[in-house]
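If you scroll down you'll find the structure; I have some questions about it.
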Amino acid sequence: YVFGSTPYAYSVPTDANDELYDTVQDEFGELPHYSFGFGTIQFDIYQQAIEEVGEIDQQGLADAFDSMTFESVTGELSFDDNYIGYENMTMYLTQAKGEELPIVYPPEFQTEEPVAPLPDEWPEQEWP
């Protein structure tokens, strides 16, 4: 019953992520992992900023990063005021279930219920 948190999961239910999933499956025969997801996010952000500015101009791109909300495989993203990270990026709690990593939290992205069985009765513990 292994859980983990990540800012990218291949099971995020967006059209763009479904397309990435299908492409990675077709081209590589594997599940998209963090590198595929974040690589795609970075390329998408740069593409959208360049399209907004109309050219590769350092100040223009900086202004675009400062003001834009970007569409990505995980939904909408924008940068925080310090450019350290994304101010509205969702962290997903996933659970390893064989080769699958369904999202179990947050509820709006949940693809499966978590499995965390508890014993019917807690055993007595002997302490040294």
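The values are calculated or read from the model by the stated rules, or taken from the named source; none is laboratory data. The model shown is predicted, which means the values in this text are computed figures rather than measured ones. FYI the Cβ positions are ideal-geometry reconstructions off the backbone, even for glycines, and counts take in every protein chain you see. Note: accessible area is taken over every heavy atom of the protein model, side chains too, but ligands, DNA and RNA are not part of it. Shrake-Rupley method; radii C 1.70, N 1.55, O 1.52, S 1.80 Å.
In this structure, does residue 60 turn out to be farther than 13 Å from residue 8 by Cα, of a type outside the set (Lys, Arg) and open to solvent by 40 Å² or more (accessible area, probe 1.4 Å)?
Taking the combined requirement at face value, the residue does not satisfy it.
Could I ask something else about it? If you go through the range 81-102, how many residues are at pLDDT 75 or above and farther than 14 Å from residue 33 by Cα?
Qualifying residue count for the region: 7.
Another one. So if I check each of 41, 45, 103, which one is in contact with a Phe, Trp or Tyr (Cβ under 9 Å, 6 or more places away or on another chain), closer than 13 Å to residue 7 by Cβ and free of Cβ contacts under 8 Å to residues at least 40 places away in the same chain?
The conditions single out 41.
Continuing with this model, one more query. In this structure, does residue 52 turn out to be without any contact (Cβ under 8 Å) to a residue 40 or more places away in the chain, exposed (fewer than 12 other Cβ atoms within 10 Å of the Cβ) and not basic (Lys, Arg)?
No: the conditions fail for residue 52.
I've got another one for you. Evaluate the following for residue 90: is it under 20 Å from the mean Cα position of the chain (by Cα) and part of a loop (DSSP other than H, G, I, E, B)?
yes
Residues 128, 114, 107: which one is surrounded by fewer than 10 Cβ atoms within 10 Å (Cβ to Cβ), at pLDDT 85 or above, farther than 30 Å from residue 50 by Cα and not acidic (Asp, Glu)?
From the options 128, 114, 107, the qualifying one is 107.
Mind listing just one residue for me: the one in the range 1-48 that is in a helix (DSSP H, G or I), among the β-branched types (Val, Ile, Thr) and open to solvent by less than 30 Å² (accessible area, probe 1.4 Å) and, of those, farthest from residue 93 (Cα to Cα)?
Taking the candidates together, the pick is 45.
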